[in-house]
Structures are given as C-alpha cells and as structure tokens.
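The values are calculated or read from the model by the stated rules, or taken from the named source; none is laboratory data. What you are looking at is a predicted structure, and each value in this text was computed from that prediction instead of being measured. With ideal geometry, Cβ positions are generated from the backbone for all residues, glycine too; neighbour counts draw on all protein chains shown. Heavy atoms of the whole protein, side chains included, go into the accessibility calculation; ligands, DNA and RNA do not. Shrake-Rupley method; radii C 1.70, N 1.55, O 1.52, S 1.80 Å.
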Amino acid sequence: MEWNLIFFVNSILLGAGLAMDAFSVSIANALSESGMKKSRMCFIAGVYAFFQFAMPMIGWICVHTIVEYFSKFESFIPWIALALLLWIGGKMIWEAVHPESENIEEEKEVLEKLTFSTLLIQGVATSIDALSVGFTIADYKLLMAFIASLIIAGVTFAICMTGLLIGKKAGEKLGAKATLLGGVILVGIGIEIFVKGVFF
C-alpha cells in the first residue's frame, strides 16, 4: 500500500464502519444523562476513539507476531462483545424498570452518571471487532498502520460526538424512559455484533 488518496479514503471509510456501534452506544449513554456537559461528551468520545485506535494496532502487531494464536482468539470476539453489552444494557433496563429501591435518589444518580469502569467496558465491547482490522491492514508498514489507526480514531470521535448530541436532545424529551431505551439499544448492539460475527 502506498501513500495516496485511496489509503486515506479507505481509512476514513473503515473508521466510519467501525464507529457505528460506538455511535449507537453514545446515543444510549446520552439518553440516560441528558444534562451531560460538553467536556464530558469529549471525554466519552475520546475513550471510544482511543479504543478504536488501539484495537487495529494491537491486531496489526498480533498479525506480525503471534498470528496463529490471534486467529484462534478471533472466534471469541463476538461472544465477548455480546456478554459485555448484555451485562451493561441489561443492568440499565433492570434499574429503569425497578426504581422501587431503598435508595432511589442514590440509584438514580448512579444511573444517570456513566461510571469510568462502565465506559471502559463499553469501549472494549464496541471496538473489539476492530482487532480483525489487523488482518485488513496487515500489508501496511508500521507508520501506515499507525496513521490509519489515527484516522479511524478521529472519525470515531466525530461520529460519537454526533451520537452524544443526538442522545442528549432525545433524552431531554423522553425523560425517565430514556434510560430504558438506552439499555435496549445496548442489548440490541450486543446481539447485532454477535450475529454478525458468528453467522456472517
């Protein structure tokens, strides 16, 4: 692969395709936290962008070092994404449907505030399929793989910021139902990643 327009276009398109799951999760997160500030939105989008940068690079390194083991691990990717998103989405749905707890205010605050650990899990779950991109860019030199991953990260950041803005606006209108919808979206994404990874 050479440094040309096709390289940059391919990287942008790859980034757009990989960012779709993170885009949907961004909407789900903003639905349950309609008062989200711009600095927090940038941080959340930045976390997703980081993982979308890291995963292709890790995949590229694996292809050039431990390709045999990596190809065996690849079959587990859809299962891992499904488990992580079902757990997070299911928890959101459960808390939205069962608010009658002793500490309702405390639970509501936790529900509305996306924790850092949950954000990291979402980042991994929505980007783990990007490990496979290591095969796609296997013929790239290290610098090209690095630049391609940076472009993917930049595209992801922009798309996730869009998702967060959409979710924030929708969350303001939906009110309490927004968290339930956010959980359903996460579960749906988990199932979609699993079906796509196992059957297609």
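List every residue pair whose Cβ atoms lie under 9 Å apart, where the two residues are 6 or more positions apart in sequence or sit on different chains, the first residue falls within region 80-104 and is open to solvent by less than 60 Å² (accessible area, probe 1.4 Å) and assigned to a helix (DSSP H, G or I), and the second residue, located anywhere, is of a type in the set (Asp, Glu) and at pLDDT below 70.
Every condition considered, the pairs that remain are Glu95/Glu107.
What's the number of the only condition in (1) part of a helix (DSSP H, G or I); (2) at pLDDT 75 or above; (3) farther than 19 Å from Leu131 by Cα; (4) open to solvent by 40 Å² or more (accessible area, probe 1.4 Å) that Gly35 fails to meet?
Condition (1) is where Gly35 drops out.
So Trp3 ticks every box in (1) in a helix (DSSP H, G or I); (2) modelled with pLDDT under 85; (3) of a type in the set (Phe, Trp, Tyr) but one. Which box is left unticked?
(1)
Looking at region 173-195, is at least one residue of a type in the set (Lys, Arg), part of a helix (DSSP H, G or I) and surrounded by 18 or more Cβ atoms within 10 Å (Cβ to Cβ)? Full working, then the answer.
The initial filter retains those residues of region 173-195 that are of a type in the set (Lys, Arg), namely 173, 177.
Checking which are part of a helix (DSSP H, G or I) leaves us with 173, 177.
Now drop any that are not surrounded by 18 or more Cβ atoms within 10 Å (Cβ to Cβ), which leaves none.
No, that holds for no residue.
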